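Structure first, commentary second.
The values are calculated or read from the model by the stated rules, or taken from the named source; none is laboratory data. Remember, it's a predicted structure, so these values are computed and weren't measured experimentally. Here the Cβ is made from the backbone with ideal geometry for all residues, glycine too, and neighbour counts use every protein chain on show. Just the protein is used for accessible areas: all its heavy atoms, side chains included, with ligands, DNA and RNA removed. Shrake-Rupley method; radii C 1.70, N 1.55, O 1.52, S 1.80 Å.
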Amino acid sequence: MTTSLVRQVLPRQRPPVATATATATATATATTGVYGTTAPGFVSVRHSFERACRDAGPPGSQGAALAVVQDGELVVDLWHGTADPVTAAPWTGDTLQPALTGSHGILATAVLLLADMGALALDRPVADYWPEFAIRGKGAVTLRDVLTFTARLPGMAAGLDQRDVENPRMMAALLELHSPEDDPRAGGVLHGPWTAGWIAAEVVRRVDGRALDLFFLEEIAGPLGLDIHFGLVPDQLPHAARISYDPGFSARVPLDGGADDSEADLFERVWNNPSPFPADPEVWSESRRRQAVIPSLGVYASARGLARLQGILAADAVRAPGEEPLLLSRRTLDQARNFWVEGLDPLLGGISAYGEGGLQLLDEGLHPAVCSGAFGHQGPGGVSYQAWPQARAGAAWVCSRLTTGPGAGVLDEVARALRGA
């Protein structure tokens, strides 16, 4: 496990909570157990959130949160249930949910900031910043290839265990010795759980001199007051949610196995070396795991933090060219959101699309007036966060019981309410 020594002595970021205008009650009702606030025009969002929480199961076994920011104002801030069924800790507005596969959009944002600073370029080879990476046929692999999962490096050949993945420096050293996959399906694997993060984190360290967690804290989370972290420090551990799997998730997502014989080799290298969803989800609740820096899977964030970040990116995406951004310039975001690749994953199914900067491009769904040009990250599990430039809004849904279910419906209702507002 590696953690930054500097992270352990810096003050813990706990930004003040913005209040919504004219809110619903901030205490839970006896019938719903939902806490928090909604601005006028968002009552339907609260009802949708309540339904999703009821469908997820008893509140003592799981928890969830929803946050929406528009024009910098927190217009929806709701939570429900239990963050940790073992300790009976209730979910609060400050609860930190492990983003797991949803971490990629946060990782891409960090790399894009370095690009905006002029410290790196996405179309340059990784080896320009990390010379040892060039061996065994990887000399032409660019940062854009890595962030968009088109580098043909979706998994690792060396056998790994759950402890190995907690050491990004060791993983970077192993990747130096790795060759691009020769399996013809590898070019279509548009999401690998581990390798892109290790490569990107090593580039950040070599270009900037700071480890990824410290760079993100000092350049993004700290200045913007965002409760988003690559790994936790000890005093944050009690605020972390404990994940579990619902039956639908367990049936659809392979847990330490599940590939048929025809695809086993590639599948095993990508999704079982090791599995990001171990059969025992308690792996993700161990103190050691929570404190580790795992670039592609180890982000911890509150719904508020994710929504605030997406709201900032949405606003920056529609600024006039040359206008001072809050985080990323219009030029960088235009490039990052420019369509680059789309495909049906040959291992897990499902269509993914990415812009040039590794931001996942999201379907406009039922509300194109709000969601046209949407980006962020969504997928199996308990996290979905979206930036909607047309509405200058960001939204985030998180839940501790990983599911293939209710988040999409809740965010559809958020988009409908924003359209009405």
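What to note about this one:
- Backbone geometry of the range 224-233 corresponds, through the Karplus equation with coefficients 6.51, -1.76 and 1.60 at θ = phi - 60°, to 3J(HN,Hα) couplings of 9, x, 9, 7, 9, 9, 8, x, 10, 9 Hz, x marking Gly and Pro.
- Principal-axis tilt of helix 303-317 within the chain, Cα atoms, nearest 10 degrees: 70 degrees
- Other-chain or far-sequence residues with amide H under 5 Å of Leu361's (modelled H): Ala353, Tyr354, Gly355
- The charge dipole of the chain, taken about its Cα centre with unit charges on the Cβ atoms of Lys, Arg (+1), Asp and Glu (-1) only, comes to about 880 debye.
- Computed helical MRE - 222 nm, the chain, DSSP H runs ≥ 4 contributing -39500 (n - 2.57), nearest 500: -8500 deg cm²/dmol
- Angle between the chain longest axis and helix 43-56 axis [Cα atoms, degrees, rounded to 10]: 60 degrees
- Distance from the C-alpha centroid of the range 57-72 to that of the range 143-177: 32 Å, rounded to the whole angstrom.
- The range 49-115, accessible surface, carbon-and-sulfur percent (1.4 angstrom probe): 55 percent
- Note on Thr92: accessible area approximately 60 square angstrom, rounded to 10, probe 1.4 Å, nucleic acids and ligands left out.
- Within the set (1) 21.1, 70; (2) 20.1, 62; (3) 19.9, 59, the number that Rg and Dmax of the Cα atoms in Å takes when calculated for this structure is listed as (2).
- Peptides 307-314, 73-80 ordered by packing proxy, namely the average of other Cβ atoms within 10 Å per residue, highest first: 307-314, 73-80.
- Per residue solvent-accessible surface (Å²) - the chain, probe of 1.4 Å: 37 Å²
- Portion, in percent, of the accessible area of the range 134-275 that falls on carbon or sulfur, probe 1.4 Å: 51 percent
- For Val75, the residues whose modelled amide H falls within less than 5 Å of its own, excluding neighbours fewer than 5 places apart on the same chain, are Val68, Val69, Gln70.
- Along the range 208-223 the Karplus relation, 6.51 cos²θ - 1.76 cosθ + 1.60 evaluated at θ = phi - 60°, assigns HN-Hα couplings of 9, x, 9, 5, 3, 5, 6, 4, 5, 4, 7, 9, 10, 5, x, x Hz to successive residues, with x for each Gly and Pro.
- All-pairs Cα distance distribution in the range 46-200, expressed in whole percent, bin size 5 Å: 2, 8, 13, 15, 14, 10, 10, 11, 10, 6, 1, 0
- The range 85-121-the range 265-300 distance, computed between alpha-carbon centres (Å): 15 Å
- 10 Å-binned pair-distance histogram of the range 44-114 (Cα, whole percent): 18, 37, 34, 11, 1
- Sorting 35-44, 221-230 by their mean Cβ neighbour count within 10 Å, with the most densely packed peptide first, gives 221-230, 35-44.
- The range 91-183: translational diffusion in µm²/s, Stokes-Einstein, Kirkwood Rh over Cα pairs, 25 °C, 0.890 mPa s: 163 µm²/s
- Once backbone amide H atoms are built at 1.01 Å from N, Leu96 has Ala240, Ala241 as its partners under 5 Å, excluding neighbours fewer than 5 places away on the same chain.
- For Arg330, net neighbour charge (Lys/Arg +1, Asp/Glu -1) across residues whose Cβ lies under 12 Å away: -2
- Sequentially through the range 87-93, phi angles give Karplus couplings (6.51, -1.76, 1.60; θ = phi - 60°) of 9, 6, 5, x, 6, 10, x Hz, Gly and Pro residues having no value and appearing as x.
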